[in-house]
Amino acid sequence: VLDLSEEDVGSANKLRRISDYLKDLPEQIKQPVSQSLKAGGIAGKLKSRIAKWDIKLRHLVSFPAPPLPAHKLLVPIASPYQMYREGQTMGNCLFELVEDALDGDAYFYHWHGDEPATVMLCPGSAGPWELVEAKGIQNQSLSKKTIQYLELVVDQLTAQLAEVPGVQLEHESTT
């Protein structure tokens, strides 16, 4: 059992997340993580190990299937590592939203149009997923033309899925 002070909520949250990640991973991954964290040591080093394992394990966890299929310009961001890379490339803090993607509350895509963008879809109140936000490099606003084209592509992909028998467009909560 690790003893973290009450004021260190961040490390405690990361430790809970690590525990959740480990439930679905093979024993050969669980064992070194557990041994590393049980070793204890100086609080600062333990916090550092917790943070490192949190990041490493996020890379191993897979996201739910994308709600819309890939398009030549709209490509799903399908893993925590891809979210991290997107954030680095686009100069945004996308990786901070990894839990939303893991929980199925949001899904992210990269737009490869004239104005590159990070695109966020969320479940709509009427069922199908909806375009909620799209931002360019450094979170810059996109032109009206790009937003309209993005909306058109999302609507077309949603309509294509609606025509496929057995495909459910409504968000299925994982909670």
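The values are calculated or read from the model by the stated rules, or taken from the named source; none is laboratory data. Source: prediction; values computed, not measured. No Cβ is skipped: glycine too gets one built from the backbone with ideal geometry, and neighbour counts run over all protein chains shown. What goes into the accessible areas is simple: the full protein's heavy atoms, side chains included, and nothing from ligands, DNA or RNA. Shrake-Rupley method; radii C 1.70, N 1.55, O 1.52, S 1.80 Å.
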Failed criterion for residue 147 (all others in (1) of a type in the set (A, V, I, L, M, F, W, C); (2) open to solvent by 50 Å² or more (accessible area, probe 1.4 Å); (3) over 17 Å from residue 72 (Cβ atoms); (4) free of Cβ contacts under 8 Å to residues at least 24 places away in the same chain hold): (2)
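Could you list, in sequence order, the residues of segment 57-115 that are of a type in the set (A, V, I, L, M), free of Cβ contacts under 8 Å to residues at least 24 places away in the same chain and part of a helix (DSSP H, G or I)?
Taking segment 57-115 and keeping what is of a type in the set (A, V, I, L, M), we get 57, 60-61, 65, 68, 70, 73-75, 77-78, 83, 90, 94, 97-98, 101-102, 106.
Right, trim to free of Cβ contacts under 8 Å to residues at least 24 places away in the same chain and you get 65, 70, 78, 97.
Answer for segment 57-115, where residues must be of a type in the set (A, V, I, L, M), free of Cβ contacts under 8 Å to residues at least 24 places away in the same chain and part of a helix (DSSP H, G or I): just 97.
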The residue from 120, 90 that alone is in contact with a Ser or Thr (Cβ under 7 Å, 6 or more places away or on another chain) and at pLDDT 95 or above is 90
So, first residue among the hydrophobic types (A, V, I, L, M, F, W, C) in segment 9-22, second residue not in a helix (DSSP H, G or I), Cβ within less than 6 Å, six or more apart or across chains; the pairs are 12/4
Check whether at least one residue in segment 144-157 is farther than 24 Å from residue 60 by Cα, at pLDDT 95 or above, of a type in the set (S, T, N, Q) and over 18 Å from the mean Cα position of the chain (by Cα), and report yes or no. yes
Condition met for residue 80 (open to solvent by less than 70 Å² (accessible area, probe 1.4 Å), modelled with pLDDT of 90 or more, closer than 30 Å to residue 130 by Cα and not small (Gly, Ala, Ser)): no
How about segment 158-175: which of its residues are modelled with pLDDT under 85, outside any loop (DSSP other than H, G, I, E, B) and within 23 Å of residue 103 (Cα to Cα)? 161
Of the conditions (1) open to solvent by less than 50 Å² (accessible area, probe 1.4 Å); (2) part of a strand (DSSP E or B), the single one that residue 133 does not satisfy is (1)
Out of segment 115-130, which residues are open to solvent by less than 10 Å² (accessible area, probe 1.4 Å) and of a type outside the set (Gly, Ala, Ser)? 119, 121
Selection count, segment 18-56, where residues are exposed (fewer than 12 other Cβ atoms within 10 Å of the Cβ), assigned to a helix (DSSP H, G or I), at pLDDT below 80 and not polar (S, T, N, Q): 3
State whether the residues of segment 93-106 include one that is closer than 15 Å to residue 132 by Cβ and in contact with a Leu (Cβ under 7 Å, 6 or more places away or on another chain). yes
Can you find even one residue in segment 4-16 that is at pLDDT below 80, open to solvent by 50 Å² or more (accessible area, probe 1.4 Å) and assigned to a helix (DSSP H, G or I)? yes
